[in-house]
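> Just dropping this structure here.
Since every read-out is calculated from the coordinates, none of them should be taken as a lab result. What you see is a predicted model, and the numbers here were worked out from it, not measured in a lab. Reconstructed Cβ throughout: ideal geometry from the backbone, glycine too, with neighbour counts over all protein chains shown.
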Amino acid sequence: MIKLKKYGVYYSGGRLVRAAKPDNAAAKKTVAYRILSAHNVSGEDGKLKIKFDEITSHDITYVGIIQTAKASGLEKFPIPYTLTNCHNSLCAVGGTINEDDHVFGLSAAKKYGGAFVPPHIAVIHQYMREMRAFGGGMILGSDSHTRYGALGTMAIGEGGPELVKQLLDKTYDVDMPEIVAVYLKGRLKKGVGPQDVALALIKATFKCGFVKNRVLEFIGSGVKTLTADERIGIDVMTTETTCLSSVWETDEKIKEYYRVHGRENAYKELKAQDGAYYDRAVVINLSEIEPMIALPFHPSNAYTIKDFLSRPYELLRECEEAGAKLLPEGKGKFCLIDKIKDGKVYATQGAIAGCAGGTYENIAEASEILGDSAIGNGDFTLNVYPSSQPVYKGLVDNGYIGRLMDNGAVVKTAFCGPCFGAGDVPQNNGLSIRHTTRNFENREGSKPKEGQLAAVCLMDARSIAATARNGGAITPATEIEYKDKIKKYRFDDRIYKSRVYNGVGKADAATSLVYGPNIADWPKMQPLKENLLLRVVSSLHDAVTTTDELIPSGETSSYRSNPLRLAEFALSRKDPGYVQRAKAVKEEVFPENCGYDEKTTTYGSVVCSVKPGDGSAREQAASCQRVLGGAANIAVEYATKRYRSNLINWGMIPFTADKNDFETGDLIYVENVAQKLKDGETEFVAKVKGKTERTVKLRIDALTDAEKEIILKGCLINYYQK
C-alpha cells in the first residue's frame, strides 16, 4: 500500500525520479517552499521567521493566550484571530466557570478586534476550513490538528505562547524544514475512506520518525481522484505522523469547495513546478488501501480490519497486556478478548465526530451504509457529531440525519469532546470504535489509577456504519452493499451570519474584558540564575509520554483558565505523586547542606523521561510544570517540536541525555548554565547526587537568540513584559 523512499527525488512529468544529491535550487519549485518563503521575514532561506496570515484558538486555550499577551502589552489583534468554542462547550462541570470563559472570549473579540464562534456552532477546524482558509496562506492554531493543507493553506498547530508571539507582532522561528513528497496514485475502492488512508500513512511513518518535523506535500495523479472532503480527512490526520505541516496541490475540486462556501476568491491554484526536488518521498497506492483499524493505544498501532479479524485473540491480548500496565497492581482488570464471540469481535460503542469524522461526506455515506438497518437495543450505541451547524443542516436537508435517527443513532451538535474524554466516555472495559483523531491511553476519559480503563479503536466512518449495521460486530465497509453516490451538499451561511461575531479589524479599546472567578493571572516566574540545581520529581520510562499524560484532557477542561488549579492535575494519570513532590521542592526554596550557593543558583524541579510530548499542542503540558516550580526537562528526545517549544516559552530548559537513568529524588547540578546558554554552548556537564555521585553529559539542540533570552528571563511573559 505504502512505500517509503529515504532519498531525494525530483517530481518531473508527473513521476518521481531519484535524485543523485540534494538540490536546494530545485527545492524552491515545491509548493511548500514557495508558501514558507512568502511568509518569511528573516531574509534567510535556512532560518525562517514566519509571520502568519491568521491565528485561531478554541475555548481551552484562548483565555490563557489572551491573558499572556495582555500581560505583555497587547493593545489589539494585529492579524485576524478566530476564537472558537468546541472543547469546553458543555458547561456541565465546574459550575459557572465554563460559560465564564466564553463570555470572556466574546469580550476579548470585541476589545481587540477578533471573531468569536459560539459553542455548538462549529468545531474549530471546520469553521476555519469553511470561512477562513485560503490558497497560499498560513494559519497558526493552538490545537495540534490545525491542518488546512488540502485547501492550499499551510497550517501549523503549536502551544499558546507561539500565538502570543504573533499577537505581539513577533515571528515563528524555525529552520527551513525538509519537504516530503506524498505521491498519490490510483483511486479508493468503494467502502474505503480518508481515515483508512490516514491510518495506513501513520502506521508507515510514525514509529520510524520518517516525516518528523518535516512538511508533507501531497502530489500525484491520485490527488484528483479524491473529493475535497476526502483530502481534508486525510490531511487533518497528518498531525499523528509528527510532521510539522502539510499542503496539497489544488485543482477544480478545491475551487468548487471555496465556491460552495461563498469564497471562490480564496482559491489559488497550487502546483509543484516540473523538476521540483523533495528530500524524501512516501508513495501511496490508493487502489490498494483497505479498511483499517488502529488498536489501542496509538493511531500508529494500525492493521487492516481483515488482518485484525483473522487473529483477534493475538492482537487484543497484546492490547490487554499494554492496558494492564496502566492499572495499579490489584486494582481493576482490563479485558478485551471477551469481545470475541462466535469468531466475531463486537464493539460496544461507535462515534463519528470532530474535525476528522464529522464532515458531510463521512456522515452522508455512513447513513447510506446503515441504510434502513436499525442499530438495535443491545450494547452497541452510535453517536454522530456533524462538524458544524451548516454541515448538520445540509445533512438534515438531504435526509441523512433523519435516517440515522430512525435507525437509532444519536445525533449531537458540533463538539470535540469524544476526541479527548469530555463526551461519550465508554464503560469500563468497553471497546469504542471512532472516526476521531486519537486513541491514546485514557484519552477517552477513563481513569486507570481508579481501576477504570476502556479501549478506543480508530476506524473510518464507513466501517463504523457497517459495524453498526451488523449489530456491533466489527465489519469493513467493503463487505457491505450500498449506494455510494451521495446528494450534493449545499452550504447555508445564514447560521454563521446569525450567531458568529465577526469583529476582525474592529478593535474597541473601550470594551472591558469580562472576568469570571476562575480566570486567573499567571503567577510570577523567576529569571534563571547563574547556576542550576534540579531535583528529579518524576522519572518516566515509557517509550513515549503523551501530552495527555503530562496534563490530562477531559476532566481538566474547566480549569484551563486557572493555572494554579489546573496544575493540580499534572501527571495525575501517569505519576499521581508528582504534584506533591514538585510542591515540596518549590516550598523548600533551597536544600540545606547541599554544598551549592543559593544566591547564584536557581533551584527547581525536573521531569525526566524518554520521549515526551507526543500528541496535543497544549502548552499546559509545560506550563503546569513551570507553575509548580519546574525549571527543566531531561529527555532522550522530544516527540514533537511543539512540546520542546512549549518548554522554552515557559522558561524551562529542554535538556537531552543519552538515556533516562535518573531516579526520583536525585539532585542534578549544572554550573554556569546561564553563561553557557548565552554563549550558544550545546553540551553541559552535570553532577548527579543520588544513591551514588556521578557526572553526566546533558545537551541542548541549538537555540535561537530569542529562545535563549526567553529561558534566561524565566518565560515568554517576562521576555515581552512592558
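> Count neighbours as other Cβ atoms within 10 Å of each site's Cβ, and list the GluC sites (Glu not before Pro) in the stretch 223-318 that are DSSP loop with at most 13 such neighbours.
Glu269
> If you don't mind, there's one more thing I want to ask. Let me check I've understood the local charge: for Asn383, count other residues with C-beta under 15 angstrom from its C-beta, Lys and Arg +1, Asp and Glu -1. What total comes out?
Net charge in that neighbourhood comes out at -1.
> Further question on the same structure: In the stretch 520-554, which trypsin sites (Lys or Arg not before Pro) are in a loop and have at most 11 other Cβ atoms within 10 Å, using DSSP for the loop call?
Taking the stretch 520-554 and a limit of 11 other Cβ atoms within 10 Å, the loop trypsin sites (Lys or Arg not before Pro) found are Lys524.
> Would you mind checking the pairs Lys574/Lys611; Lys51/Lys271; Lys111/Lys497; Lys6/Lys189 and listing those with alpha carbons more than 25 angstrom apart?
From the list (Lys574/Lys611; Lys51/Lys271; Lys111/Lys497; Lys6/Lys189), the Cα-Cα distance tops 25 Å for Lys6/Lys189.
> Please give me the summed charge of the neighbours of Trp522: other residues whose Cβ is under 11 Å from its Cβ, Lys and Arg +1, Asp and Glu -1.
It works out to a net charge of +2.
> Can you tell which of Ser616, Val579, Val636 lies farthest toward the positive end of the dipole of the stretch 531-720, using +1 and -1 charges on the Cβ of basic and acidic side chains (Lys, Arg; Asp, Glu)?
Ser616
> Using the crude model of +1 on Lys and Arg Cβ and -1 on Asp and Glu Cβ, and no other charge, please compute the dipole size for the chain relative to its Cα centre, in debye to 20.
960 debye
> A further question follows. Which ordering of Ile50, Ile519 is given by a fewest-first count of other beta-carbon atoms within 10 Å?
Final ranking by Cβ density, sparse to dense: Ile519, Ile50.
> Quick one: of the DSSP bridges fully inside the chain, what percent are antiparallel, nearest 5?
Rounded to the nearest five, the antiparallel share is 40 percent.
> How do Met176, Met652 line up, fewest other C-beta atoms within 10 Å first?
The most exposed by this proxy come first: Met176, Met652.
> Given the C-alpha centroids of the stretch 269-326 and the stretch 419-475, what is the distance between them in whole angstrom?
Result: 17 Å between the Cα centres.
> Please report, to two decimal places, log10 I(q)/I(0) for the chain at q = 0.09, 0.12 Å⁻¹ as given by the Debye formula with identical point scatterers on the Cα atoms and no solvent.
Those come out to -0.77, -1.42, one per q.
> Then there is this: Tell me, rounded to the nearest percent, the portion of alpha carbon pairs in the stretch 292-494 spaced more than 31 Å apart.
The proportion of pairs with Cα distances above 31 Å equals 16 percent.
> Within a 10 angstrom radius of the beta carbon, how do Leu216, Leu550 rank from fewest other beta carbons to most?
With the sparsest Cβ surroundings first, the list reads Leu216, Leu550.
> Charges at C-beta only: +1 for Lys and Arg, -1 for Asp and Glu. How large is the resulting dipole of the stretch 1-152 about its Cα centre, in Debye rounded to 20?
So the magnitude is around 1120 debye.
> Need the C-alpha centroid separation for the stretch 548-585 versus the stretch 172-192, integer Å.
Distance between centres, Cα-based: 36 Å.
> For the charge dipole of the chain, defined by +1 on Lys and Arg C-beta atoms and -1 on Asp and Glu C-beta atoms about the Cα centroid, which residue among Pro78, Gly423, Gly332 has the Cα displaced farthest towards the positive pole?
Positive-end residue among those listed: Pro78.
> First select every other residue whose beta carbon is under 15 angstrom from the beta carbon of Asp701; then total the charges, Lys and Arg +1, Asp and Glu -1.
With Lys, Arg at +1 and Asp, Glu at -1, the net is +2.
> May I pose another question? Across bins of 10 angstrom width beginning at 0, how are the C-alpha pair distances of the stretch 2-288 distributed, in whole percent?
The percentages, shortest bin first, are 7, 28, 34, 21, 8, 1, 0.
> Still on this structure: Please list, by residue number, every one of the GluC sites (Glu not before Pro) in the stretch 418-516 that is coil in DSSP and has at most 14 other beta-carbon atoms within 10 Å.
Glu481
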